[in-house]
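Working notes, beginning with the structure itself.
The values are calculated or read from the model by the stated rules, or taken from the named source; none is laboratory data. What you are looking at is a predicted structure, and each value in this text was computed from that prediction instead of being measured. Methodologically, a virtual Cβ is constructed for each residue, glycine included, from the backbone with ideal geometry; neighbour enumeration extends over all protein chains shown. Only protein heavy atoms, including side chains, enter the accessible area calculation; ligands, DNA and RNA are left aside. Shrake-Rupley method; radii C 1.70, N 1.55, O 1.52, S 1.80 Å.
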Amino acid sequence: MKLVLTEEQRELRGAVRAFLASASPLPEVRRAVESEAGHDPEVYRRLNGELGLAGLVVPEEHGGAGAGYAELALVLEETGAALLPGPFLATTLATILLAEVGDKELLPGIAAGTTLATVALDGGRALNGAEADVVLAIEGPRVLAVRGGDRTPLTTLDITRRQAKVDLGAGEEIASSTEGVARARDLFAVAVAAEQLGVLRASLDAIVGYAKLRVTFGRLIGSYQGVKHRLADMHCKLEQAESIVRYAAWAADEAPDELSSAAALAQAYVGRACFEVARDNLLLHGGIGFTWEHDAHLYYKRAKADEVLLGPPRAHRTRLAELLEL
């Protein structure tokens with residue numbers, strides 16, 4: 001098992017981090033989410049055109065880079081830390097599903113950045129469902145593609161990522177694979193956990209930075225024992241979450257027999273840890289953390305939305321217990 005990043009992986013992470021810091025800093029995120037599209041299409045175009053991220057895990061025969069899930073996890077960690085608005089996660093989930101069921105039609109367009117696809121979650125709810133060219137739905141072992149149809153934008157907690165309810169009645173079957181669908185669901189869990197790791201890390205970095213600057217009663221708040229203990233607990237959650245995500249991504253690439261349990265573990269632990277750290281970031285900022293102008297609430301809302309995106313944590317804990325025969 002190799003959980004230490006290679007030089008190439010560090011370079012990929014650095015390139016994505018630098019791009020997002022330049023093209024989509026938090027002030028730009030706020031501006032973009034208030035626009036009609038809810039994100040900056042030019043940022044998404046550049047993300048694909050300059051870095052080729054839409055096709056990162058698309059097989060080379062379909063026009064992609066053919067990279068592994070360890071690399072994808074690093075990218076999603078950075079997009080999560082930057083609170084990137086727009087359809088990147090939605091397209092990623094669609095890419096995973098299509099690649100696992102052996103699709104040959106839609107993947108080239110996704111890899112080229114010309115086709116925007118997403119996956120319908122429970123009840124037809126889809127990330128970026130209103131703007132997607134294709135919405136994929138899972139019915140048992142079958143994968144359906146919905147082009148057009150009724151799409152109703154939803155009011156959601158997380159303003160940085162829009163959702164819509166999609167009428168799946170007009171879907172046409174494009175693939176069927178019991179094993180492929182099952183593996184795709186596990187990979188969804190790994191992908192979302194990677195984004196959650198980024199949100200967790202950015203939340204911790206924010207409050208550590210604040211604790212080094214904020215003075216109350218003549219002392220930095222970071223010098224108070226109660227604050228130190230809370231920050232230490234948050235850091236422990238980060239270390240555990242990072243190890244779990246690295247392991248799950250490794251299992252996706254190298255140990256398919258371990259993927260299901262690793263994916264369940266990732267969602268059972270990382271989602272809750274991410275929310276708790278984002279919550280404590282907001283609380284430790286004091287009154288300013290509760291204002292609209294501060295960024296803490298944006299991380300808090302993304303953390304909560306991601307925590308329940310693939311189902312409640314208790315469902316993942318139950319599945320993990322079943323897989324481990326506990």
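The residues on offer are S223, S243, and the sole one that is hydroxyl-bearing (S, T, Y) and either over 29 Å from R317 (Cα atoms) or free of Cβ contacts under 8 Å to residues at least 12 places away in the same chain (or both) is S223. Of all residues in the range 49-60, those satisfying the criterion of being assigned to a helix (DSSP H, G or I) and open to solvent by 20 Å² or more (accessible area, probe 1.4 Å) are G49, E60. Residues in the range 313-326 that are assigned to a loop (DSSP other than H, G, I, E, B) and surrounded by 12 or more Cβ atoms within 10 Å (Cβ to Cβ): 0 in all.
L157 falls short on exactly one of the conditions (1) touching a residue at least 40 places away in the same chain (Cβ under 8 Å); (2) closer than 26 Å to L259 by Cα, and that condition is (2).
Residues that are of a type outside the set (A, V, I, L, M, F, W, C) and surrounded by 15 or more Cβ atoms within 10 Å (Cβ to Cβ) within the range 1-40 comprise Q9, R13, R17, S24, E28, R30, G38, H39, D40, listed in sequence order. The residues of the range 89-138 that are in contact (Cβ under 8 Å) with a residue 40 or more places away in the chain and β-branched (V, I, T), listed by number, are T92, T95, I96, V101, I110, V119, V134, I138. Residue check: G169 meets all listed conditions (1) assigned to a helix (DSSP H, G or I); (2) over 24 Å from L26 (Cβ atoms); (3) touching a residue at least 24 places away in the same chain (Cβ under 8 Å) but one, namely (3). Number of residues in the range 282-312 that are touching a helix residue (DSSP H, G or I) at 6+ places or on another chain (Cβ under 7 Å), outside any helix (DSSP H, G or I) and acidic (D, E): the value is 1.
Within the range 65-81, residues that are closer than 17 Å to A251 by Cα have Cβ atoms under 7 Å from residues that are outside any helix (DSSP H, G or I) and not hydrophobic (A, V, I, L, M, F, W, C) in these pairs: G66/P59, counting only partners at least 6 apart in sequence or on another chain. When T92, T79 are checked against the criterion of being at pLDDT 95 or above, in contact with a Phe, Trp or Tyr (Cβ under 6 Å, 6 or more places away or on another chain) and open to solvent by less than 20 Å² (accessible area, probe 1.4 Å), a single residue qualifies: T79.
Of the residues examined, T118 is not one that is farther than 20 Å from I96 by Cα and either within 19 Å of the chain's Cα centre (by Cα) or among the small types (G, A, S) (or both).
The set of residues in the range 149-166 that are open to solvent by less than 80 Å² (accessible area, probe 1.4 Å), modelled with pLDDT of 90 or more and part of a loop (DSSP other than H, G, I, E, B) comprises T156, D158, I159, T160, R161. Inclusion of V245 among residues that are within 21 Å of the chain's Cα centre (by Cα) and over 23 Å from V57 (Cβ atoms) is not warranted.
Does G113 count as open to solvent by 40 Å² or more (accessible area, probe 1.4 Å), modelled with pLDDT under 95, at positive phi and not charged (D, E, K, R)? For G113, the condition - open to solvent by 40 Å² or more (accessible area, probe 1.4 Å), modelled with pLDDT under 95, at positive phi and not charged (D, E, K, R) - is not met.
Scanning the range 127-148 for residues that are surrounded by fewer than 17 Cβ atoms within 10 Å (Cβ to Cβ) and within 16 Å of G113 (Cα to Cα) returns a single hit, D133.
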